[in-house]
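The structure under discussion appears below in the form of structure tokens.
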Amino acid sequence: KWNKVLLESSAGRLVPVLIQEPEQYSGSSIVLLSPEGKDGVDQQLIQERLDEGYMVVLPDLYGTGETALSSGYARDEIAEFHTLSRAEIWLGKTMIGKWVEDLYLIEQHLKKEHGANTLDIIAAKETGVAALSFAVFHNGLLNTVMIDQTPVTYLFDEREGIDNFSMAIHLPGLLEWGDLSLLTALS
């Protein structure tokens, strides 16, 4: 029942997406995000949303799932997404920024090809920061963003627990601007 779509950004980057429409599609769509890609999304969550009448969208955001680095770089020994995140930061970009671009591309596809009239997002861990960032800058279909296991701040007072997230979480200069609470408020 899944349709596989390969979206292409203006820079030529490919975003593989699985889409399944429910039997009674009302125009409501939901994007389920995980730093592990579409395989990291809970199957029960997918079925619940289909039963609720949502069109379910499972993307492999930049560097996740099918788009993850191959060979010896797939799982960095130092930290997950270490090589890719470091390369993006050297170029003045971030993984979160790339994921926001992917979400915009997905939104445009859903609107144009599937007649979606609302978009909800459920995002886990680092992808939650991307979903909140997308919510700040979008001007389209977005209705709600729900985050799970996403940090509430970039400030920390002890080292314990800071290794919970991958290198993709880094947003250089964020604390000079504000924090995730401000990003959440703007969303």
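The values are calculated or read from the model by the stated rules, or taken from the named source; none is laboratory data. Quantities reported herein were computed from a predicted structural model and do not represent experimental measurements. Ligands, DNA and RNA are excluded from the accessible area calculation, which covers all protein heavy atoms including side chains. Shrake-Rupley method; radii C 1.70, N 1.55, O 1.52, S 1.80 Å.
Tell me the volume per residue, in Å³, of the convex hull enclosing the alpha carbons of the chain.
Enclosed volume per residue, from the Cα hull, is 129 Å³.
Relative contact order of region 14-56, please, whole-number percent, based on alpha carbon pairs below 8 angstrom and at least 6 residues apart.
That works out to 56 percent.
For region 118-187, just say rounded, prolate or oblate: build the C-alpha gyration tensor, square-root its eigenvalues into a ≥ b ≥ c, call rounded for a/c under 1.5, and beyond that prolate if a/b exceeds b/c, oblate if not.
Prolate is the answer for region 118-187, as a/c is 1.5 or above and a/b outweighs b/c.
Can you list the HN-Hα couplings for region 9-21, worked out from phi with the Karplus curve (6.51, -1.76, 1.60; θ = phi - 60°), rounded to whole Hz and with x for Gly and Pro?
These are the phi-based 3J(HN,Hα) values: 6, 5, 8, x, 7, 9, 10, x, 9, 9, 10, 10, 8 Hz.
Going by Cα centres, region 38-61 and region 109-151 are how many Å apart?
13 Å
Taking only protein heavy atoms into account and a 1.4 Å probe, give the accessible area per residue of the chain in Å².
Accessible area per residue, the chain: 55 Å².
May I have the convex hull volume per residue, in Å³, for the Cα set of region 15-74?
Taking the convex hull of the Cα positions in region 15-74, it is 69 Å³ per residue.
Using a 1.4 Å probe over the heavy atoms of the protein chains, calculate the carbon and sulfur portion of the accessible area of the chain as a whole percent.
Exposed carbon and sulfur together represent 50 percent of the surface.
If each DSSP helix of 4+ residues adds -39,500 (n - 2.57) and the sum is divided by the residues in the chain, what number results at 222 nm, nearest 500 deg cm²/dmol? Can you show the working numbers first?
Numbers: 6 runs with 61 residues, N = 187.
Using -39500 (n - 2.57) per qualifying helix, the result is -9500 deg cm²/dmol.
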